[in-house]
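See below for the structure under consideration.
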Amino acid sequence: MSSSQQSTPLIRKATPSDAPTVLALIDALADYEKLERPSSDAKQRLINDIFGAKPRVEVFLGEYEQKPVGYAFVFETYSSFLALPTLYLEDLFVLPEYRSKKVGYALFSAVVAEAHKRGCGRMEWTVLDWNQLAIDFYHRLGATHMKEWHLYRLLRGDMEKLLTPHS
């Protein structure tokens, strides 16, 4: 294999045999974002939700010189106004030492191609406000920051409070 072939990122869908790799990359993202790593129970749920009988998410792996160095998590939502699916990018992460190797660009391009192949009307994702590296990356690719939308969240405990009858 020539050196140019070795240096080209390869993107592929993760398979069940990739489970340990996916979990290691998720741990690396948690470390990068200074978050707590998923618990062993959460890791089991992740693997089941990726590779189980009813997958909830799909994972694309980015390889560089035959080593998995990044991933993208995606799932579909739906736009009632477009009447088309939306491909939601939950995570796109590349190990820091491989960020100058075009792995992130290759992963993002693969996800865009997947959205297009599925007939999606759009693709969406969120970026942490402190992650200027990611913000700049997406701006360079032509993405638009949706300033008029505010992200809201209910955690599981909040859902339980809402569902508990009030006396």
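The values are calculated or read from the model by the stated rules, or taken from the named source; none is laboratory data. This structure is a prediction, so every number in the text was calculated from the model and none was measured. Neighbour counts run over all protein chains shown; Cβ positions are idealised from the backbone, glycine included.
Brief remarks follow.
- Residue count for the stretch 1-51 under the criterion of being in a loop (DSSP other than H, G, I, E, B) and small (Gly, Ala, Ser): the result is 4.
- Selected residue (criterion: surrounded by the most Cβ atoms within 10 Å (Cβ to Cβ)) from residues of the stretch 31-66 that are at pLDDT 95 or above and within 12 Å of Val94 (Cα to Cα): Gly62
- Condition broken by Leu23, with the remaining ones in (1) crowded, with 16+ Cβ neighbours inside 10 Å; (2) of a type outside the set (Phe, Trp, Tyr); (3) on the phi > 0 side of the Ramachandran plot satisfied: (3)
- In summary, Thr77 fulfils each of the numbered conditions (1) within 20 Å of Leu46 (Cβ to Cβ); (2) exposed (fewer than 11 other Cβ atoms within 10 Å of the Cβ); (3) of a type in the set (S, T, N, Q) with the single exception of condition (2).
- Any hit, the stretch 92-106, residues being closer than 20 Å to Leu151 by Cβ and either out of contact with any Pro (no Cβ under 9 Å at 6 or more places or on another chain) or hydrophobic (A, V, I, L, M, F, W, C) (or both): yes
- Residue in the stretch 52-59 that is in contact with a Lys or Arg (Cβ under 9 Å, 6 or more places away or on another chain) and not in a strand (DSSP E or B) present: no
- Close pairs (8 angstrom Cβ cut-off, 6 or more residues apart or separate chains): at negative phi and basic (Lys, Arg) in the stretch 53-82, surrounded by 19 or more Cβ atoms within 10 Å (Cβ to Cβ) and part of a strand (DSSP E or B) anywhere: none
- Taking the stretch 141-167 as the range and being over 14 Å from Glu124 (Cβ atoms) and hydroxyl-bearing (Ser, Thr, Tyr) as the test, the residues that pass are Tyr152, Thr164, Ser167.
- Count - residues of the stretch 97-156 that are surrounded by 10 or more Cβ atoms within 10 Å (Cβ to Cβ) and of a type in the set (Ser, Thr, Tyr): 5
- Residue in the stretch 28-47 that is closer than 19 Å to Val111 by Cα, out of contact with any helix residue (DSSP H, G or I) (no Cβ under 8 Å at 6 or more places or on another chain), acidic (Asp, Glu) and in contact (Cβ under 8 Å) with a residue 24 or more places away in the chain present: no
- Residue in the stretch 57-79 that is over 24 Å from Pro16 (Cα atoms) and out of contact with any Phe, Trp or Tyr (no Cβ under 8 Å at 6 or more places or on another chain) present: yes
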